[in-house]
Amino acid sequence: MPDCNGSPARDMWQRTIPQVAFESEVVLNPMLALSALHLHAHSPNNSTMAVALRRYLDQSLVHHRQALRSPGKELSEQLWLSAVILSNIYWLLARQLQPDEVYEVPLGMWKLMQGVSMLFIQEKSYLGRLGYGWFGDEPKPRVLTVDELPSAARAQLQSVEEDLAYLLDAFDVPTLPEDDRSTYMEAKDYVLYHYRVFYSGAAARTLRRYIGTMAVRCRPAYRSKLERHDALAMALMARVLVLLNGLEHAWWMNGEGDYKVLERDIPGMRELMPEYLRWTMDWPCKVLNRVILLNRS
């Protein structure tokens, strides 16, 4: 199960969530929905699991909304755990390919992640006493200097830096109005920093939580650009997502079966762009198709 925050998260998934689930349907239904999603992702032709997923997900949303209307200390832990599980579910559900469906960036999933953060902040003192943590409070991973990197990692990092510089120059980012320029530069710095983290040898569980939350960690103006299908915003997002190809596979992050994240997002974002800007997705597509292999050894 998700291990993005190390041993505290593993304890939450292995002990806390199952225990609280048997005390509250607010947590039980999303846990059962996630279990059904796990089975359906690995057995896409299993129609029973598809039906179970939708049934438990519908019940999860009903109980979650009822709990939101009646907040209180006795419900805050259950409500937050429900939101955490639902965000994991929608991370994959947002990538499910439906017949004749046009790709859309997963805005609803990002809004749900934002809601998880808001729920935690509202009850931070109480949830903190229970031993829970918020992803905004974790220490930043250590980044090696260029001289400390292995030669192969150093060469690949240089190619990433050159790709990002070319991308921003092509859009004349330095000449844009301050709000736009700073939004793009923040997103570019986010991408480059996490490639440096990757080549510095950070654990996969550390990187996953940053890969999955770029749209939430960057300023709201960046999410607005993604919502408008801004080509540069999507191209930067794609470069963070393909870092998953350099990490060991995790079903709940990479997806399986009908819920594959990279195979859905990278071509999907490319199709949303005007044809004359699709070149901006060439580098992520090469990583997706393993023409470029991310190697930090």
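What follows draws every value from the coordinates through simple rules; no lab data is involved. Since the model is a prediction, treat every value here as computed from it, not as a measurement. Please note: Cβ atoms are built from the backbone with ideal geometry, for glycine as well, and neighbour counts cover all protein chains shown.
Go ahead and run the numbers for FRET between residue 66 and residue 182, Cβ-Cβ distance against an R0 of 45 Å, rounding to 0.05. Walk me through the intermediate numbers first.
Details: r = 41 Å, r/R0 = 0.91.
The calculated FRET efficiency here is 0.65.
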### Normalised contact order of the range 29-69, rounded percent, pairs of Cα under 8 Å and 6 or more residues apart
48
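Report the far tail of the P(r) of the chain, meaning the percent of Cα-Cα pairs longer than 23 Å. Mind showing how you got there, number by number?
Details: 25363 of 43956 pairs.
Every Cα pair in the chain considered, those over 23 Å come to 58 percent.
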### Task
Please list 119-126, 237-244, 82-89 highest first by mean number of surrounding beta-carbon atoms within 10 Å per residue.
82-89, 237-244, 119-126
### Relative contact order %, the chain, counting alpha carbon pairs below 8 Å whose residues are six or more apart
23
### Summary
Whole-Å distance linking the alpha carbon centroid of the range 131-206 with that of the range 63-112 is 28
### Message
Which of rounded, prolate or oblate describes the range 1-154 when judged by the alpha-carbon gyration tensor and an a/c cut-off of 1.5?
### Response
oblate
